[in-house]
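As structure tokens, the structure follows; a few thoughts come after it.
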Amino acid sequence: MLKDLKTYGCHDLCLAATKFICENFEEVCQTEEFFELTRAELDEIVSNDCLKVVTEETVFYALESWIKYDVTERQQHLAQLLHCVRLPLLSVKFLTRLYEANHLIRDDHACKHLLNEALKYHFMPEHRLSYQTVLSARPRCVPKVLLAVGGKAGLFATLESTEMYFPQTDSWIGLAPLSVPRYEFGVAVLDHKVYVVGGIATHMRQGISYRRHESTVESWDPETNTWSSVERMAECRSTLGVVVLAGELYALGGYDGQYYLQSVEKYVSKLKEWQPVAPMTKSRSCFATAVLDGMVYAIGGYGPAHMNGVELHAVIPLLAGKWATISQQGMGCLGCLGCLGNGSPHGR
């Protein structure tokens, strides 16, 4: 069908058909029409980033079934099609089983090489970036994931490690570490990158470790699994609030090692610079932040005395933003979390 649509120049219908196949791949790959696809058509489909599959095993089994439908003619395409499978997303157990028991792959030198590269991805994570030029490890229809960055382990150890959790498979993988161990920082996502802002970092000088409140900022790029330094803030801040609003990253309040802060600054990624913003009405650290209807909320926290106030900062186009105090919480709130429920900000 795809071939006919392309022959007659039905571009919109061709796109619609491709979208349908990708969204219903697990059902489509069991139909007679699937087995009659040409190698080029199959290559185009299984290379699609939006192929909707629960696991990459589905893609491999679909290719295997297509080849076995006419193994004499199609086995020659196995290695080329195997490039379309996101092999690093397959488990070590699955890859090992293919290597040992699948005669189509076992008897093909090129296929065995691809499996070896996928196994190296698992066993040698420090070299993953170099393998991405050979094998794609990018998830299809990128799933929602959870990132755990830095922090503390016990009273004294500060972490630099980064891990990613996949709810679909209930599994964790290690990612590139921060450039320096740090905790009590702010974190946010801007322009598809994860920003780690300020905090307290552990440094070494002449073999002696010491901790310092930071103005430094790092960003993590999921495409390359690398951390990069970003321009420093004007002030050192730990236990700060961080939010993203209108494509800009805001760093609010916090503690610089001596004083609780009420200052606010924002990072404009296009200009690669931090700019001052109107300060909050009170100094705050260990507080919750949220964004709702174009306004930043600062909730509770710690300052000269524990706070139960809520402030909001309105960002009005062409006008200077300003802070205003709104309704009080029932009790003081230290180290609380902010979230949105039914369109309203809540502190916990």
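Quick note: the coordinates plus some simple rules give every number you see, no bench work behind them. Every value quoted in this text rests on a predicted model; they were computed, and no experiment measured them. Methodologically, a virtual Cβ is constructed for each residue, glycine included, from the backbone with ideal geometry; neighbour enumeration extends over all protein chains shown.
So here's what we get for this one:
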item: Tail beyond 13 Å, pair distance distribution of the range 248-309 (Cα, percent); result: 63
item: VAL189 paired with LEU104, simple spin-label distance in nm, labels 7 Å along Cα-to-beta-carbon; result: 3.6
item: Semi-axis lengths (Å, descending) of the ellipsoid that matches the C-alpha gyration tensor of the range 60-206; result: 40, 16, 13
item: Relative packing of peptides 34-46, 149-161, 55-67 - highest average C-beta neighbours within 10 Å first; result: 55-67, 34-46, 149-161
item: Where labels lie 7 Å past Cα in the beta-carbon direction, separation of ASN116 and GLU26 in nm; result: 3.5
item: Set of aspartates and glutamates near LYS120 by C-alpha distance (under 17 Å), chain-local residues within fewer than 8 positions excluded; result: GLU100
item: For the range 166-311, alpha-carbon Rg relative to the globular expectation (2.2 N^0.38 Å, N residues); result: 1.09
item: Largest-first ellipsoid semi-axes for the range 2-131, taking √(5λ) over the Cα gyration tensor eigenvalues, angstrom; result: 28, 17, 13
item: Length-normalised contact order of the range 2-131 in % [C-alpha pairs under 8 Å, at least 6 apart]; result: 17
